[in-house]
């Protein structure tokens with residue numbers, strides 16, 4: 001049966017979005033086909049959304065390998081954007097997005113999409129000795145911002161680091177099994193960061209990763225520059241702003257509809 005879909009992207013992180021949930025959901029193998037860039041639509045993940053009472057939005061996310069993800073910040077921003085385009089909610093209206101990791105407030109405002117991220121109480125600092133890997137960096141941090149992230153902070157050269165090789169090695173490191181980890185390489189500048197990410201579930205470098213940006217923003221505002229309440233973070237797909245407002249943590253950036261189509265499940 002053919003189902004309409006919406007191809008969305010947020011800072012180069014792209015998704016196939018289905019508006020309206022039919023249960024049971026398709027088999028995970030269908031999501032792998034959908035995300036294939038040669039034989040499918042092509043995407044980093046698949047999203048299902050459905051309006052809920054009290055300005056709610058149900059958000060179900062699957063990675064490109066068919067595994068279910070607890071949260072995807074860029075996917076959530078695409079979902080919020082589409083919900084407004086479909087007329088479910090209005091511009092500037094706060095929406096309560098329900099993901100597997102909990103509730104997130106978000107809104108579309110002045111052309112940007114803002115989503116609140118559930119930031120952990122602390123991050124674990126690791127050493128190269130613990131990983132038994134030589135890394136050209138200043139610090140290594142591990143935390144969960146809805147999904148697990150490793151932050152390799154202060155790399156010598158972001159442009160020359162082999163993200164695919166090093167990212168894959170760390171993603172599958174025994175210390176982070178069985179779930180694995182997303183791997184983010186961060187280069188620090190004056191009040192701004194540059195970052196590249198190897199994404200678990202996609203199993204390659206992606207143009208951006210929202211929960212990874214949130215993890216890097218958390219490290220910067222808590223440990224690198226305590227007292228700072230915002231930082232711009234540049235990824236190959238575009239720029240994000242991570243900011244703290246009223247003791248809550250937000251990620252701001254663009255999200256857009258690319259095209260519409262139909263898929264035969």
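Every number here is computed from the coordinates shown, using simple stated rules; none is lab data. Quantities reported herein were computed from a predicted structural model and do not represent experimental measurements. Here the Cβ is made from the backbone with ideal geometry for all residues, glycine too, and neighbour counts use every protein chain on show.
When the Gaussian network model of the chain links Cα atoms closer than 10 Å, the mean-square fluctuations of 169, 82, 193 top out at 169. Within the range 3-42, name every residue whose backbone N is under 12 Å away from a label modeled 7 Å from Cα of residue 86 along the Cβ vector. Within reach of a label on residue 86, which here means backbone N under 12 Å from a point 7 Å along Cα→Cβ, the range 3-42 contributes 4-7, 17-22. Once R0 is set to 41 Å, what does the formula 1/(1 + (r/R0)^6) return for the Cβ-Cβ distance between residue 122 and residue 264, expressed as a FRET efficiency to the nearest 0.05? That pair, residue 122 with residue 264, gives E of 0.30. In a fully extended conformation the segment linking residue 54 and residue 179 would gain 41.6 nm over its present Cα-Cα distance, using 0.36 nm per residue.
Considered as an equivalent ellipsoid built on the Cα gyration tensor, the range 124-247 has semi-axes of 21, 15, 15 Å, the largest given first. As a rough footprinting exposure proxy, the listed residues 150, 126, 135, 175 were ranked by other beta carbons within 10 Å of their own, and the order from fewest upward is 175, 126, 135, 150. Projection of the Cα convex hull of the range 68-118, averaged over all directions and equal to a quarter of that hull's surface, yields 3.3 nm². Put a dot 7 Å past the Cα of residue 38, heading toward its Cβ, do the same for residue 21, and the two dots end up 3.5 nm apart. Against the longest principal axis of the chain, how steep is helix 73-85, in degrees 0 to 90 to the nearest 10, with axes from Cα atoms? The answer is roughly 30 degrees.
For the chain, averaging the sequence separation of C-alpha pairs within contact (under 8 Å, six or more residues apart) and dividing by the residue count gives a relative contact order of 21 percent. Paramagnetic label reach from residue 28 (point 7 Å along Cα→Cβ; backbone nitrogen cut-off under 12 Å): within the range 53-80, residues 62-70. The distance between label points at residue 230 and residue 168 comes to 4.0 nm (points 7 Å beyond Cα on the Cα→Cβ vector).
The Cα-based radius of gyration and maximum Cα-Cα distance (Dmax) for the range 1-155 are 17.4, 53 Å. Potential lengthening of the chain between residue 105 and residue 191 amounts to 28.4 nm, from the contour at 0.36 nm per residue minus the alpha-carbon distance.
Sorted largest first, the spans of the alpha carbon positions of the chain along the three principal axes are 53, 41, 28 Å. Return 143, 71 ranked ascending by Cβ neighbour count within 10 Å, so the fewest neighbours appear first. So the ranking, lowest neighbour count to highest, is 143, 71. Note the angle between two axes, namely the Cα long axis of helix 210-219 and the longest principal axis of the Cα atoms of the chain, as a number of degrees from 0 to 90, rounded to the nearest 10. Value to nearest ten degrees: 30. Within the range 167-204, what residues put their amide N at less than 20 Å from the label point 7 Å along the Cα-to-Cβ vector of residue 156? Output list for this probe position: 167-170, 184-189, 194-197. In a Gaussian network model over the chain where Cα atoms closer than 10 Å are linked, find which of 28, 230, 128 has the largest mean-square fluctuation. Its mean-square fluctuation being the largest, the pick is 128.
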